[in-house]
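In what follows, a single structure is set out as structure tokens and then discussed.
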Amino acid sequence: MGTTTIGVSIAVPEPYGRLLQDRRSSFGDPAARAIPTHVTLLPPTEVAPAELPAFQRHLTRVANAGRPFAMRLDGTDTFRPLSPVVYLRVAEGGPACAELQERVRSGPVERELQFPYHPHVTVAHGIPDAALDRAQAELAAFAAGWSAIGFALYVQGGDGVWRKIQDFPFGPPDEQPAVPQQQATRTPTRI
């Protein structure tokens, strides 16, 4: 029957999303164009296609109970030597992301985490140390903020590209915006 690889995340809105994807590509990360810029709520997880409708209903309930919250990225850090990753720190919104990811993972698609949850935005992964060092240095002064107004479900295609299949805006349906969009609140500082 086969499985599908899914993930749930909060998108980093424009203009930051594309800018950070371009920067990730410039560091030589081959996954840069396949992965939209995001904060993970459910890491890549294999599911049977028949499980998706129940999971989507669960995500709708999680989103309906949620409320928008401030997100702010500020500077870089790394998971090295444990994992070859450089990321942007979530300076505001981390506790809300942690609570949200627990609710997302508590439904019909449960997932144990390999590492303790740590909200972040990956900007380089699995590339040579010199390129990781460059990413960490060049984005060290990066800062951006926005209001997270929902999250999305993604599926990984056979080509390795992650594609959004559904948005889940926060709040009861009668309080949701007609077209859910992340709201940028300031421009990035030096990059």
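Data overview
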{"read-out": "Dipole magnitude of the chain about its Cα centre (Cβ charges: Lys, Arg +1; Asp, Glu -1), debye to nearest 20", "value": "240"}
{"read-out": "12 Å beta-carbon shell around residue 89, net charge (K/R +1, D/E -1)", "value": "-2"}
{"read-out": "Under the Karplus curve 6.51 cos²θ - 1.76 cosθ + 1.60, θ = phi - 60°, whole-Hz ³J(HN,Hα) for region 151-161, x wherever Gly or Pro sits", "value": "9, 9, 9, 10, 10, 8, x, x, 8, x, 8"}
{"read-out": "C-alpha long axis of helix 16-26 to longest principal axis of the chain, angle in °", "value": "50"}
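Here, each number is a calculation from the coordinates, and none is a lab measurement. Everything quoted here is computed from the prediction, not taken from an experiment. Neighbour counts run over all protein chains shown; Cβ positions are idealised from the backbone, glycine included.
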